[in-house]
Each structure stands twice: as C-alpha cells, then as structure tokens.
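A short reminder: the numbers here are calculations on the coordinates, not readings from a lab. Please read these numbers as outputs of a predicted model, since none were measured by experiment. Note that we place each Cβ from the backbone using ideal geometry, even for glycine, and neighbour counts take in every protein chain shown.
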C-alpha cells in the first residue's frame, strides 16, 4: 500500500485532521515485516517487494482509479482510460528499478456501460500498452456498480535479488535527476477542467492543447530508465512523479532522512507547456513543481556514478535538477541568489 498518488480532478471540499499519509504510516507500523519474513519492502514505497525465489525479487504494485475523482468519463475515451490504468502501475514498477511482467485488472461499471462497447475498448487500450512492454494480463474481476466506474490495477514485476531501488537510500552529496519534461499533465488537467476535449478543433494552438491533454490522458511510463537504473545499480533512491515534483521529493527525502536543494532554472519544463501557459494565464513553473501525473522518474545518483549515466534511454533524456543535502538543511529551492523552502504542493485525497 502507498499513498493514492494521482492528482484528483475535483478539489477537496473540507479539511481533515487525519491525512492519508497518517493512516498509511499507522498501518505501516502494525504490519512491519518480521525478521524472517520474505517481504523485502512493505507498506510505504511505490511497490511492495517479496523474495520469491533464489536470485529474484518480485515487485507488486496496486492502483485504484475512481470516476469523478481520478478521471472524468466525459473527458477521455475507454481506450485512453485502459492505457492510463496500466500506465500508472507500470510507472510504480519502473520506480522500483524492476521489469514489469504480469497484470491483474478489475473493473466495476454501471449496467448501461456494461451493455455498451466501453469495457471491450477499455481492455483494448490496456492490452495495447501491455504488449508494448511484454506484460501479460493474467487475471482480474468484473462487477456492477450503482453509478460510477471503479478500476483496480495490480501489476507484478521482478528484479535481481537486492537490486530494487527504494525511496530510502539517498545520501548528502547525491545528485538529483528527473527523466523527460514536467508540467504537461497538469496543464492538460487545467484544460480539461475548463472544458477542453480530444480531438481539439478550431484553435490556433491545437498542437499544444492536444500535446498536454495526452500527457494527462495517455501517460508514458519510463520503463526503460527504471530497468537501466536498477540493473546497473546507478540510482541510490527513486520515486515516480505522480503527486508532483515538490511532494514526491518530500516523500523521497523523508524516507531517506535527508534534505535537498533544487535549482528552479534546471527544472525541465515542457516547452509546449511554456508556450501554452503564455496564452492561457498559467504558471509553467508551478505546474512543473506541484502539478503531478507526469509519471516521470525522480532519482538520486552518487557523484561517483553520474558519469556512468546514459544520456538517453528509449529516446528519453534526463536532467540534473539539484543535490541532496543534510536533513537539517531542509528541502529548498533556489532562483539565482534567492533560496526558500520548497513546500509539498501536490494533491492530497484526505
């Protein structure tokens, strides 16, 4: 179990005294694996890890998508939803440095949706992405629901024993990297909230709108980078960027017991987001820092191993955005000579 790590399509309506992280931390304490357990990593990371056979660890992730919380039926298509349902779980496996293998996907739908082509198209999108990464769908369940669609995605992967990359492990002096570009998915969500639909028509910035909307509706997990970082033992800690750079950096630093300094000028903001924001009164840096759902990888590398990093994997580049510091230094962001605290600004369900 991990925190529900996607940005909601609906804002919170009230203040809660107990957060989802409080709840998860309480469960974590009462379910801590025993000394002789085969559980290598339990509650609190991107996925659980089980030592299943000699020389291999099994990595297990689960994700829940609920209509009108994690997606809107009117803003996506069944095939895109099937793609995203698997993609978010693939991203968790990538964040552990593992290779995805098997999927179990369950779906609950209202009767009128069941009688349509929705479910067939949903699994069509899911299976197309599964084929891309040689993932086999091995099970799941279907059920009726009163009004809204509910999707449960379970994904299993594996890696060499002891090679899994956890959120814990970053050390002062490690360099902080992210894959790809940030802010696209959050910009896409803002447009969806303003009524945009795919395909976009009649707009001078058509290509920009479609680009960011697809970053939100059809994310591409960084499987190749996850496998390389795991197999080559390059990353000291890693997490996928689902809540937003600010929040996920806090998660990683909390687990590692360290601080961090991020240079705002180094953050790889999607150029199409920057172009679009100028026309739509959006702040690209805020979207990149706090938006979430880019499903890029945020990872740390010891200074000695930086030179071993490939420039690209599967055509995706990486960018150094900062450095791990001592815990007492806090988590900060700089802009020139100005330095301030980087507060976690991503989505919280409770």
Quick calc, residue 254 & residue 160: beta-carbon distance into FRET formula, R0 30 Å, rounding 0.05, result 0.65
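Starting from 0.36 nm per residue, how many nanometres of slack lie between residue 314 and residue 329 once their C-alpha separation is accounted for?
Here the segment from residue 314 to residue 329 would lengthen by 1.8 nm.
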Got a sec? How would 302, 116, 75 order by Cβ neighbour count within 10 Å, fewest to most? 116, 302, 75
Rank the residues 299, 71 as a footprinting-exposure proxy: fewest other Cβ atoms within 10 Å of their Cβ go first. 71, 299
Dividing the helical contributions, -39500 (n - 2.57) per DSSP H run of n ≥ 4, by the residues of the chain yields a 222 nm value, nearest 500 deg cm²/dmol, of -9500 deg cm²/dmol
Among (i) 1.03; (ii) 0.95; (iii) 0.99, only one was calculated for this model; which label is it, if the read-out is Rg/Rh (Cα atoms, Kirkwood Rh)? (ii)
Order of 263-272, 136-145, 243-252, 158-167 by packing, highest average Cβ count within 10 Å first? 243-252, 158-167, 263-272, 136-145
With labels modelled as points extended 7 Å from the Cα through the Cβ direction, what inter-label distance (nm, one decimal) is found for residue 137 paired with residue 283? 4.2
After finding the eigenvalues of the alpha carbon gyration tensor for region 20-160, what semi-axes result from the square roots of 5 times each, listed largest first in whole Å? 29, 18, 12
quick note, region 20-160, DSSP beta bridge pairs, % antiparallel (nearest 5) is 80
Using the eigenvalues of the Cα gyration tensor, what equivalent ellipsoid semi-axes result for region 157-201 when each is taken as the square root of five times the eigenvalue, whole Å, largest first? 37, 16, 9
Points 7 angstrom from Cα along the Cβ direction at residue 74 and residue 29: gap in nanometres? 4.4
Residue order, fewest to most beta carbons within 10 Å, for 213, 79, 238: 79, 213, 238
